[in-house]
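One structure is given below, encoded as structure tokens.
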Amino acid sequence: MMENIYIDTNVFLVFLKKEEDFDSAKKTLKNIALGKNKGFISPFTLHELLWVLEKERISCEKAISALDFAIHHPNLSFLTPSTNTFYSALDIKRKKGLKIADSLHVAIMLENNIKKIASFDMDFDRIKGIDRVSGV
């Protein structure tokens, strides 16, 4: 059964940098590419991805490749935040103690009724109603 899964930035980074959990990140992205799951990202995902790649001096070619996959893949949808997304994120940050970037991801997930996030960040485990998964 196809599931809707929000993809945290760290899945892309682990895959691109071939870090620990590479196999899990690869499986997640492969299952989206094959249409086994429907992936979702937001401008927050792309901003974080490009910022980290630039900060760590990863080649522009890798950044462009990641961006092309994220923006153009038919099984990966781009969620657009509303003004309310930012207010919700600040509320989540205040109540759950998440970093603002993670709070923005959770806010846009909740607005779009997405219950699963592919991530290696255990901070998402603090959010009731959000199921953190990896290698799906």
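Does F22 qualify as being surrounded by fewer than 17 Cβ atoms within 10 Å (Cβ to Cβ) and among the aromatic types (F, W, Y)?
When the stated conditions are applied, F22 passes them.
Looking for something modelled with pLDDT of 80 or more, within 15 Å of N10 (Cα to Cα) and in a strand (DSSP E or B) - is there at least one such residue anywhere in region 55-67?
no
Could you grab me the full set of residues in region 103-124 that are under 15 Å from I5 (Cα atoms) and part of a helix (DSSP H, G or I)?
Correct list: H105, V106, A107, I108, M109, L110, E111, F124.
Which condition number does F15 fail, the rest of (1) closer than 24 Å to L110 by Cα; (2) modelled with pLDDT under 95 being met?
Among (1) closer than 24 Å to L110 by Cα; (2) modelled with pLDDT under 95, the lone unmet condition for F15 is (1).
Of all residues being part of a helix (DSSP H, G or I) and β-branched (V, I, T) in region 25-54, which is most open to solvent (accessible area, probe 1.4 Å)? Just the residue, please.
Selected residue: V52.
The values are calculated or read from the model by the stated rules, or taken from the named source; none is laboratory data. From a predicted model like this one, the values you see are computed outputs, not experimental measurements. Reconstructed Cβ throughout: ideal geometry from the backbone, glycine too, with neighbour counts over all protein chains shown. We work out accessible area using only protein heavy atoms, side chains counted, and drop any ligands, DNA or RNA first. Shrake-Rupley method; radii C 1.70, N 1.55, O 1.52, S 1.80 Å.
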